[in-house]
Each structure stands twice: as structure tokens, then as C-alpha cells.
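Single-structure report; data block below.
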Amino acid sequence: MDINNLETFKGLITKYDLNDRDQLKVSSIYKFFEEATGFTSSLLNKKLDFNFEEQLQINYPNLKYQEYQTVYILTDLKRQKDSIQFINKLYLSTSDNDSKDLIISLNKNTINSVKLENFSINKPKINTDIFSAFKGLVKKEDCDQMSHMNVQYYFGKHSDAIKILFNKISSQSLDNLAYRIVNERCIFSKEVSLDCALEIVLSIKNIYENNLILLSKVYCIDNKNVSAYFETNISFKTDEKLKKIINKIFSTKTPTYLNELQFNDLRQLSENRPSSKPSKIAFISCKKAVNTWDLDHKLMGSNQFKIGCVSDAATHLFTYCGADYNWRTEYNIGSAALDYSVRYFKKAPLGMAVTMYTNFTKIGNKSLKFIHHMVDDASGDIIMDIEIVAVLFDLKKRKSIEVPDNFRNKATILLVNN
């Protein structure tokens, strides 16, 4: 049985994918196809070695591209006598809703001495009230020392998913919409590892004047579970026409591999949030500057950059409290963030120097709650604040541990009331 049009990749073109003539690099086309191939392996529940054709079919070789355009790949599985042929078609989403998306390249792979019936295939479900916004792999550069995807890349890939959604909205409204993420919440559920295939699926919680609230799931194809849940508040200028366009996008029948199609509100935050200004007893946990590789589609420090600063700040904070590299290695202890609640206040332009100021807001038996404030070193303005719930855990038993007394004593010095 042949299977057609499986979506195996959806992402954005970056400046690194373009040459000096704004044409798509051949190496980037191969990169997209390789990511789709890895995604297809996850759908087949088996990591496979493919024989790539050496020659790519490239259509529109002189076409000029723009950064942050949406590209996606549809894959056909064709059964042959003693092999399976995989035909990957790379599409460019056009900015004109009246035009069809362009097939910009085609690639064929073959697996020999196999039969399609020998594979268990995760076929997509067709559903409405959702938008499948991202499909890709966990890459080596996304992972920490335990080969788990670092938290900044959850936020980075989720930001890409939102940009892909707004690309779609803009194509139908014929207007390049400007939007701003006001705040977002992320609850982590299951770890994902190197080479896992991910799909990010969005659903509308609420849409009203100048605001869109989305509920999102980061779904792991390999583990067949949701890795993280997001709730995101987005501000942009809207009207009745735009609301109709957005509702139409989400009401269109959409294929998805997600197995949890009900989107529930995230659990309520406990206790009041501390002040949006750092405490006078805050610990300086990180100093960074915004570089060219940290920029988003608005040429400002990306959310991924900001959350990356948070990851570094947490390492310095835990080291100060005694959970340093040597202690963690000796006792085989790790740490995990369970819940992130972020508020974005100001932009972080290229060259801005920022400092993270950190305090604990709650120290439980096993769980810890702390808050980071990112501050512009030049003006003193608050760029963002983020409150986090985390635990220390035994890497062998994969269970959280009680907060050690020495850690608790040092953490208490930095404790502020909510």
C-alpha cells in the first residue's frame, strides 16, 4: 500500500540558508531533506539508513528567498518489488494566498530488501481546531550533556512555530503582521533526546481585541507523548477580518500525528508573583550580550537567547548553593525545570549587555521556586522576568531528591517573599 503526502518537515529559512544572491543553498536543501528523512524514520518506528540520490532536482534555481519564509516537505512512500522508495518534495509557502505553494526541490531515497508491511507506520489523523505549526528533529546542537533537548530550544522551536502561524495569517490577509509575545508559560512533561522527531501543534484559547492566546503542545513522535505544554499571550493589531482569517485557518482540516487532541488550560500558578524589579539581595547569576546569532525575525534578541541566559543563570545559582559540577558528578545528581512562567517587557537589541538577577521565592522539601530578572545594564530597564519551578534528581533512579541541608541554607539567604 502506497502512502502519499506525509508532512515530514516544517520550518523557517534562516539567513544561514541563503547565499549572497538570496538563493537557497544546496547544502540547506540537503539539510531539510535529511531532517525529513529522520522524521520519516520516527514515523516508521525504526531508524533507517537511506540511499540518497546524488543529484537533486532543483526548480526555480534563480528564485530569490527571504529570511523566515516557511518551507515544508511532503513525503510519498512507494512500495516496489523488494524495496521502498521515498519521494520528498520541498515546498515554499507563498505570501500570496491566491497562488499555490511552489515545489522548489525534489529528492528520492530508497531502502532495499524490505517490505512496507514490515513497518509500523504512524499515520496522521485529520482534525480541526488546530494548526500543525512545526515538524523537525532534536539536533546535537539542541542538547545538553545528557543528550536531552535544552529548555532554550523548546522556546526557540515554539517561537518558530508562532512565526510560521503568522506567516500563514499574513499570506491570507496580504499584510505582513507585526506581533509581540507578551508572556508565555511552559510546563515540561517528558524529556526528549537526540534525534527525536517533534511536532508542535497550536490551538486557540481566546481571541479578542489585539490579543491572541494560544495553547500549544510539543509532541514527541518517537515516545508518543507530549513533551511540553505552552500557553502564550500574543499582542497584535486585529480586526474582524483578521479574526475570521485566523478562525478559518484553525477550522481547516489538518493532518497531525498528535495523539492528545484535547487542549486544556494549564494549571494555575500558586502564590502571588514577586515584584517585577529585582530584590536588593539578588544574586548576580549571569552576564551576557546580544550577538548577531541571537537575533529573531525582528532583529532583536530572541526568546531562545533569553531562555539560554536563564539556563546559564540556573547553573551559576545552583553552583553558588553547593550543587556544583564536582558535587553533581560525584553523586550523579542532575536538575530539571518543570514550570517556566515568562513575562517580556522590553526588547533586547543587538549589542545590549544584560545581567540576570536571581532570588529564590520558595524552598520546599524537594521542589525549588526561583525568579530571574533580566536587566539592561545601560538603562536599568527590566527586559523580562521568569519564575521557575525546578527539582534536583538522582540520574540513576530518575527520581527527585530532597533538597540537601547545605543547599537549603545558602538558598535561604536569597529567599524573598512573594
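A short reminder: the numbers here are calculations on the coordinates, not readings from a lab. Keep in mind that what you see is a predicted model, and the values were worked out from it rather than measured. Cβ coordinates were reconstructed from backbone atoms using ideal geometry, including for glycine residues, and neighbour counts include every protein chain displayed.
Things to note:
- Full-stretch length increase - TYR30, ILE121 - with 0.36 nm per residue and alpha-carbon distance subtracted: 30.4 nm
- Values of log10 I(q)/I(0) for segment 224-265 across q = 0.16, 0.26 Å⁻¹ run -0.66, -1.09, by the Debye formula with one identical scatterer at each alpha carbon and no solvent.
- The mean sequence separation of alpha-carbon pairs under 8 Å and at least six residues apart, normalised by the residue count of segment 3-121, gives a relative contact order of 31 percent.
- Cα point-scatterer Debye curve for segment 271-418, base-10 log of I(q)/I(0) at q = 0.12 Å⁻¹: -0.50
- Local electrostatic count at ALA323 - Lys and Arg +1, Asp and Glu -1, tallied over other residues with Cβ under 12 Å: +1
- Segment 375-391 residues near the modelled LYS287 label - backbone nitrogen below 20 Å, point 7 Å along Cα→Cβ: 375-384
- Full-extension gain in nm, THR329 to LEU415, via 0.36 nm per residue minus C-alpha separation: 28.3 nm
- Per the Cα gyration tensor, segment 157-197 maps to an equivalent ellipsoid with semi-axes of 28, 14, 6 Å, ordered largest to smallest.
- Once the gyration tensor of the Cα atoms in segment 198-342 is diagonalised, the equivalent ellipsoid follows with semi-axes of 34, 22, 16 Å, ordered largest first.
- Among beta bridges from DSSP that stay inside segment 124-268, the antiparallel ones total about 100%.
- Residue with peak Gaussian network fluctuation, the chain [Cα springs, cutoff 10 Å], from LEU395, LEU77, LEU258: LEU395
- Whole-number D in µm² s⁻¹ for the chain, Kirkwood Cα-pair radius fed into Stokes-Einstein, 4 °C, 1.567 mPa s: 56
- Principal axis analysis of the Cα atoms in segment 3-121 yields extents of 44, 30, 21 Å, listed in decreasing size.
- Summing charges over neighbours of LEU261, with a neighbour being any other residue whose Cβ is under 14 Å away from its Cβ, gives +1 when K and R count +1 and D and E count -1.
- Segment 132-240, Cα convex hull volume normalised per residue, Å³: 100
- Gap separating the Cα centres of segment 71-106 and segment 189-241, nearest whole Å: 25
- Separation in nanometres of the label points that stand 7 Å from Cα toward Cβ, at SER99 and LEU177: 2.1
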